[in-house]
Amino acid sequence: MEEMTNNFIHEIIDSDLEKDPELKIHTRFPPEPNGYLHIGSAKAIWINSMTAKKYGGLFNLRYDDTNPTKEGDEFVKSIYEDLCWLGAEPTGGVFYGSDYFDKCYEFAVKLIKQGDAYVCDLSADEMREYRGTLTEPGKPSPWRDRSVEENLDLFERMKNGEYPDGAKTLRAKIDMTSPNINMRDPAIYRIVHTPHHRQGSKWCIYPLYDYAHPIQDALEGITHSLCSIEFENHRPLYDWVVEHVGFEPRPHQYEFARLNVTHTVMSKRYLRELVETGLVDGWDDPRMPTLCGLRRRGYTPASIFDFVSRAGVAKALSLVDHELLEHCIREELNETAPRRVAILKPIKVTVTNYPEGKTEYFDLPNHPQHPELGTRKVPFSRHLLIDADDFSLDPPPKFFRLKPGGEVRLMGGYLLKYEDVKLDADGKVSEILCTVDLETGNGNPADGRKVKGTIHWLSEAESVPVDVKLYDELFTIENVNDIPEGKGYGDYLNVDSVTDMPEARVEASLSDAKPGDRFQFVRVGYFVKDTKYENTFNRIVGLKDSYKV
């Protein structure tokens, strides 16, 4: 991974280091293990890990597992795998928010003793009603002035399981008239009688994120808590917790704009819905914006980090064209992907002037721009396959592929001349009859005639059947954050987001491809051997790059 270019976060850190040259920069990535990481997560990972790397600091992975109702070990495992795959190993260690439950409880007791927290009996709906609006201040809870002794007793009884879910909360006592709604006595503990994936049934009260997160940061020695912009209004509460618990030195929170990508949903709730309703093939469906989906699609860590780097680090919200991501992987694979031949829509060609049973071999380059990668031998025989798109009985103007009266170059091989066709019962072309100029080999004709078109081909007998899948955007709407009122994500699902090509054939050398191997199918696109289903290749991206750099 290349070093990050300077940005406003680094300007802040540079200023901090001027004041304290001995400051050891320490960042963290705190995902909630209730789903799989997505392309938006990659931006947070990249910013936090690369910032630590740039300043010779440490980078923590901390699972925000403070909500036992949605979390699980499946997600814990997947998150760590994704970080390692991206090359962002947590140099500062792996931690769990649940490991700090005892400390969070201890500090909550301290806040109660200081008169900074109280037990409230308002229901969730009543609390929302009392909280006020953006234009009207809130009003104090009837339970706001309970004594310290009563609050301590009630909070311990909450911990001991004496009350049902939702019966009581512990709230920070701050300011019900604050213009920032997050500061209007926010709840910091709630009752949840659900076993925890790591703590079991030890706890039936759980700290809320806005309370637990600054405590976790402080205990781990995080210096710069870098998060997305939706937490900007939560920063005063972050600072309040750090101050009133009494941490020194204090961590500080800074926000950057989250990554929004065209035709892409980042909501883990909706991504989970897609998985659970069977609309996609799991969290790793190649159409999903999840990192495991992108990995299965054939994207590389370098291309993803290149994408988030080009998208930039700023505070202003923006919508990044998904074609930039395609440009990044296309640019990488153009240099690295070996070339192979695939026929997605095969149509049979019989070379009438070539002997039955004879086979010869032509050398095709593994990478035209890198001759050091050598060549491979591709068999030629009487019965060939070409792509149906490379033939037309009624060609449009400037059609330089195979057509009546026409001649084309077989890539790396002979010149092929049209003679006739055979039609099936439906009047469709079932076989094309041609001849080859046996004097040409893979060279030019002796008479100097010019042949403009070149098409790819395979020997029918020595090609291999595979299943090829062509993927497109999962959503038809460009900005999924701008859905009209009364509509939902489901109204914009792209029914043509995947196309199966079950008749596809490839050259025999691809029989040895391993899951995850990437290739350029010449004249077709970039493909990857699927990691989930045997004998399947997924299109990563097409050859044509319409993104303007």
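We did not get these values from a lab; they are worked out from the coordinates using the rules stated. Predicted, not measured: the structure shown is a model, and the values here were computed from it. Here Cβ is always computed from backbone atoms with ideal geometry, including for glycine, and neighbour counts include all displayed protein chains.
Only one residue of T435, L319, I386 has its Cα farthest out toward the positive end of the dipole of the chain, where Lys and Arg carry +1 and Asp and Glu -1 on Cβ, and that residue is T435. Using DSSP, restrict attention to beta bridges with both residues in the chain and report what percent are antiparallel, rounded to the nearest 5. Within the chain, antiparallel bridges account for around 65 percent of the total. Here the Karplus relation 6.51 cos²θ - 1.76 cosθ + 1.60, evaluated at θ = phi - 60°, turns the backbone of segment 96-110 into coupling constants of 10, x, 5, 5, 9, 4, 5, 5, 4, 5, 4, 6, 5, 4, 4 Hz, with x for every Gly and Pro.
What FRET efficiency comes out for E356 versus K544 if R0 is 35 angstrom and r is the Cβ-Cβ distance? Round to the nearest 0.05. Between E356 and K544 the formula returns 0.35. The convex hull drawn around the Cα atoms of segment 157-288, when projected onto a plane and averaged over every direction, covers 11.4 nm². Each residue of segment 342-456 gets 126 Å³ once the volume of the Cα convex hull is shared out per residue. Taking every pair of alpha-carbon atoms in the chain, give the share separated by more than 37 Å as a whole percent. Roughly 47 percent, rounded to a whole number.
The alpha-carbon atoms of segment 8-256 define a convex hull whose volume equals 128 cubic angstrom per residue.
Placing unit charges on the Cβ atoms only, positive for Lys and Arg and negative for Asp and Glu, gives segment 8-256 a dipole magnitude near 180 debye about its Cα centre. For segment 342-456, the Cβ-based charge dipole about the Cα centre amounts to some 200 debye (Lys, Arg positive; Asp, Glu negative; other atoms uncharged). Converting phi to 3J(HN,Hα) with the Karplus coefficients 6.51, -1.76 and 1.60 and the offset θ = phi - 60°, segment 73-88 yields 5, 4, 6, 4, 5, 5, 5, 5, 4, 5, 4, 5, 4, 6, x, 10 Hz in sequence order, with x at every glycine or proline. In terms of surrounding Cβ atoms within a 10 Å radius of their Cβ, L237, L543, L134 rank from fewest to most as L134, L543, L237. Within segment 8-256, DSSP assigns beta bridges of which about 45% are antiparallel (rounded to the nearest 5).
Using alpha-carbon positions, what is the distance between the centroids of segment 238-270 and segment 119-197, in Å? The distance from the Cα centre of segment 238-270 to that of segment 119-197 comes to 22 Å. Close amide H pairs (under 5 Å, H built 1.01 Å from N) link R28 with N60, L226, residues at least 5 positions away or on another chain.
Taking a sphere under 13 Å around the Cβ of K514 and counting the other residues whose Cβ falls inside, with K and R at +1 and D and E at -1, yields a net charge of -2.
The amide H of D65, built 1.01 Å from its N in the peptide plane, has G97, S98 as neighbours under 5 Å, considering only residues 5 or more places off or on other chains. Applying the criteria of a DSSP loop state and at most 12 other Cβ atoms within 10 Å to the GluC sites (Glu not before Pro) of segment 266-370 yields E356.
What is the distance in Å between the Cα centroid of segment 274-346 and that of segment 365-428? So the separation of the two Cα centres works out to 31 Å. Over the chain, DSSP H runs of length four or greater, each weighted -39,500 (n - 2.57), average out per residue to a 222 nm ellipticity of -8000 deg cm²/dmol.
Rounded to whole numbers, the Karplus 3J(HN,Hα) couplings from phi for segment 433-445 are 9, 9, 10, 10, 7, 5, 7, 7, x, 10, x, 8, x Hz, using 6.51 cos²θ - 1.76 cosθ + 1.60 with θ = phi - 60°, and x at Gly and Pro. Taking amide H atoms as placed 1.01 Å from N in the peptide plane, the amide H of F362 lies under 5 Å from those of V378, F380, each 5 or more residues away in sequence or on another chain.
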